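For reference, the structure discussed in these notes is given below.
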Amino acid sequence: MKRAVVLFSGGLDSTACLYWAKRNYDEVIMLTVNYGSNEERVTNRVAEFFSKELDVQLKIVKLDFLEEFSKLRGTTLVGGETPKVSAEELEDMSIAQETAKSVWVPARNVVLIGVAASLLDALGGGDIIVGFNAEEGTTFPDNTPEFVERMNRMLRYGTMAEVKVIAPLIDLDKKGIARLLKELDAKYEYSNSCYMPKGFTQDGKPIHCGECESCVRRHRGLIEGIGEDRTVYAVKPRL
């Protein structure tokens, strides 16, 4: 039996991974990790929605130490105000790198993969599905093929069962991810990419700020990829 744990953060990438895993694995478990981020309440509700929508088991794990370390670093995702950017500004690598630094959670993907690996090691093995992609790999080193390869090398020594990281989106940009979501008939409008979400509509769709880096990347990818964006924004993102 093929088993997968999907690291689910609520956004387009992990939503695409969840639908993809549901199609390709016999058993799928969603793993959402809480560490005090600004969007945590919204993320959990989004995770619960997709858990019911796809009939997938959901585990939510709280890591108080990661919240403490994020505040120690001054990460804007945890109790701070994230930068507002336009799509044009994201093309400036110096701006993109500064934005990435401001939202960096200390060793987050190392920690999250470790948590997922521990769960799979206990269950007898399986794959950790992550939403790493080519677009974010340009500014986040833990979204690259090299990072996946090195994590898998570590897991060969760090688990008793066979556990490995699979990154199905690793060669895709946001446009490609949008096309995959459409192919999978995913209800992406119920996902949340926003760093500072404004709550929910009456029918349960997250309300995105429309001004943070993640909102801009989301909107641009959907419009350029499939020519539509059913996401609800408080402010329309600048393209």
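In region 141-162, of all residues being farther than 20 Å from Ser9 by Cβ and of a type in the set (Ser, Thr, Tyr), the one that is surrounded by the fewest Cβ atoms within 10 Å (Cβ to Cβ) corresponds to Tyr157. Scanning region 142-163 for residues that are in contact (Cβ under 8 Å) with a residue 12 or more places away in the chain and either among the aliphatic types (A, V, I, L, M) or touching a Lys or Arg at 6+ places or on another chain (Cβ under 8 Å) (or both) turns up Asp142, Val148, Met151, Asn152, Leu155, Met160, Ala161, Val163. Sort through Val111, Val165, Val130 and tell me the only one that's surrounded by fewer than 20 Cβ atoms within 10 Å (Cβ to Cβ), under 23 Å from Ser70 (Cβ atoms) and of a type in the set (A, V, I, L, M). Every option except Val111 fails the conditions. Quick check: anything in region 196-219 in contact (Cβ under 8 Å) with a residue 40 or more places away in the chain, touching a Lys or Arg at 6+ places or on another chain (Cβ under 7 Å), acidic (Asp, Glu) and over 24 Å from Asn44 (Cβ atoms)? So far as region 196-219 goes, no, none of its residues is in contact (Cβ under 8 Å) with a residue 40 or more places away in the chain, touching a Lys or Arg at 6+ places or on another chain (Cβ under 7 Å), acidic (Asp, Glu) and over 24 Å from Asn44 (Cβ atoms).
It is to be established whether one or more residues within region 166-176 are touching a Cys at 6+ places or on another chain (Cβ under 9 Å) and either within 20 Å of Ser37 (Cβ to Cβ) or modelled with pLDDT under 95 (or both). Within region 166-176, not a single residue is touching a Cys at 6+ places or on another chain (Cβ under 9 Å) and either within 20 Å of Ser37 (Cβ to Cβ) or modelled with pLDDT under 95 (or both). The condition (being over 15 Å from the mean Cα position of the chain (by Cα) and hydroxyl-bearing (Ser, Thr, Tyr)) is satisfied by just one residue among Thr144, Thr159: Thr159.
Listed here are the residues, each with its yes/no results for (1) closer than 23 Å to Gly79 by Cα; (2) modelled with pLDDT under 95; (3) surrounded by fewer than 23 Cβ atoms within 10 Å (Cβ to Cβ).
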site	(1), (2), (3)
Thr201	no, no, yes
Glu211	yes, yes, yes
Tyr233	yes, no, yes
Lys236	no, yes, yes
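Thr138 satisfies every condition listed in (1) of a type in the set (S, T, N, Q); (2) within 25 Å of Ser51 (Cβ to Cβ); (3) touching a helix residue (DSSP H, G or I) at 6+ places or on another chain (Cβ under 9 Å); (4) open to solvent by 30 Å² or more (accessible area, probe 1.4 Å) except (2).
Determine whether Tyr190 is in contact with an Asp or Glu (Cβ under 9 Å, 6 or more places away or on another chain) and buried (at least 23 other Cβ atoms within 10 Å of the Cβ). For Tyr190, the condition - in contact with an Asp or Glu (Cβ under 9 Å, 6 or more places away or on another chain) and buried (at least 23 other Cβ atoms within 10 Å of the Cβ) - is not met. For region 216-231, give me each residue that is crowded, with 22+ Cβ neighbours inside 10 Å, at pLDDT 95 or above and not charged (D, E, K, R). Within region 216-231, His219, Gly221, Leu222, Thr231 meet the criteria.
When Asn152 is tested against (1) modelled with pLDDT of 95 or more; (2) within 14 Å of the chain's Cα centre (by Cα), exactly one condition is not met: (2).
The values are calculated or read from the model by the stated rules, or taken from the named source; none is laboratory data. Owing to the predicted nature of the structure, the values given are computational and were not obtained by experimental measurement. Here Cβ is always computed from backbone atoms with ideal geometry, including for glycine, and neighbour counts include all displayed protein chains. Note: accessible area is taken over every heavy atom of the protein model, side chains too, but ligands, DNA and RNA are not part of it. Shrake-Rupley method; radii C 1.70, N 1.55, O 1.52, S 1.80 Å.
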